[in-house]
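Below: one structure, written as structure tokens.
The values are calculated or read from the model by the stated rules, or taken from the named source; none is laboratory data. Predicted model, so just to flag it, every value in this text is computed and none were measured. In this analysis, Cβ positions are derived from the backbone assuming ideal geometry, glycine residues included, and neighbour counts consider all displayed protein chains. Heads up: the accessible areas ignore ligands, DNA and RNA and are worked out on the full protein's heavy atoms, side chains in. Shrake-Rupley method; radii C 1.70, N 1.55, O 1.52, S 1.80 Å.
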Amino acid sequence: MTGFTSYFTLGLQHISDLQAYDHIVFLVALVAIYTFRDWKKVIWLVTAFTIGHSLTLALAAIGWIPVNVGLIEFLIPVTILITGLYNIVKKDHANIRVKYLIALIFGLIHGMGFSNFFRSLLGTKTDITVPLLAFNLGVEAGQIVIVIIALILSYLVVTKMQWINRRDWTVLLSGAAVGISLILIQQTAFW
């Protein structure tokens, strides 16, 4: 595989793959507390997550950090669980720095989850700079699309149609993420 566009497209497809929905669930849980007014915070939040997963993706792809696939497959739904529970329990979300830190740290875990897929794409390439940049930009673009869809849905349900208040919507989305994460944790059977 060669070319910036090819790797960008693969990153975009990888993040939007409905069969690997754990990442989508994590993103929805991550932004469940936000509205369109918070778009700058949301973009920085998603970017913090991308920085985290880009770092471990690169380090794992070049073999500098070992990846225990079973452990990572277990930890990814744990990140969803913690994010969802944090949204439900924490009523005051004024400290955005905590969310940035959570996104960055959880991005490190998710990046290791991408590493086997990415390493298989590279084949025998020794210079991973362009493929890594393109793939991560594709992932970032896909994440932004997912987040925009989540924010549009929130706007429609909470603001436009006023079917549910903001707090109940956050609890609904976060609770669904927690439920899905528990199923995924059980499926990994790491312990």
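Restricting attention to region 148-182, the residues being part of a helix (DSSP H, G or I) and either at pLDDT below 95 or farther than 30 Å from LEU10 by Cα (or both) number 21. Among the residues examined, GLY52 qualifies as in contact with a Phe, Trp or Tyr (Cβ under 8 Å, 6 or more places away or on another chain), in a helix (DSSP H, G or I) and under 25 Å from ILE180 (Cα atoms).
Residues in region 100-115 that are open to solvent by 40 Å² or more (accessible area, probe 1.4 Å) and among the polar types (S, T, N, Q): none. For region 142-151, filtering for residues that are under 12 Å from the mean Cα position of the chain (by Cα) and not β-branched (Val, Ile, Thr) leaves 2. Considered as a group, the residues in region 4-43 that are out of contact with any helix residue (DSSP H, G or I) (no Cβ under 8 Å at 6 or more places or on another chain) and more than 22 Å from LEU85 (Cα to Cα) include one that is surrounded by the most Cβ atoms within 10 Å (Cβ to Cβ), and that residue is ASP17. Within region 1-22, residues that are in a helix (DSSP H, G or I) reach partners that are at pLDDT below 85 with beta carbons closer than 8 Å, at six or more positions or on different chains, in the pairs TYR7/MET1; TYR7/LEU121; LEU10/MET1; LEU10/LEU121; HIS14/ALA20; HIS14/PHE114; HIS14/PHE117. Would you pick out the residues in region 82-122 that are farther than 30 Å from ALA134 by Cα, aromatic (Phe, Trp, Tyr) and in contact with a helix residue (DSSP H, G or I) (Cβ under 6 Å, 6 or more places away or on another chain)? Answer for region 82-122, where residues must be farther than 30 Å from ALA134 by Cα, aromatic (Phe, Trp, Tyr) and in contact with a helix residue (DSSP H, G or I) (Cβ under 6 Å, 6 or more places away or on another chain): there is none. So which residues in region 72-99 are open to solvent by 60 Å² or more (accessible area, probe 1.4 Å) and either out of contact with any Ser or Thr (no Cβ under 9 Å at 6 or more places or on another chain) or closer than 14 Å to LEU57 by Cβ (or both), if there are any at all? Once the filter is applied, which keeps residues that are open to solvent by 60 Å² or more (accessible area, probe 1.4 Å) and either out of contact with any Ser or Thr (no Cβ under 9 Å at 6 or more places or on another chain) or closer than 14 Å to LEU57 by Cβ (or both), region 72-99 yields VAL89, LYS90, LYS91, ASP92, ALA94, ASN95, ARG97. Can VAL67 be described as modelled with pLDDT under 90 and surrounded by 16 or more Cβ atoms within 10 Å (Cβ to Cβ)? Considered against the rule, which asks whether it is modelled with pLDDT under 90 and surrounded by 16 or more Cβ atoms within 10 Å (Cβ to Cβ), VAL67 comes out as yes. Annotation note: of VAL145, VAL130, the sole residue that is open to solvent by 50 Å² or more (accessible area, probe 1.4 Å), farther than 30 Å from ARG167 by Cβ, out of contact with any Gly (no Cβ under 7 Å at 6 or more places or on another chain) and not in a loop (DSSP other than H, G, I, E, B) is VAL130.
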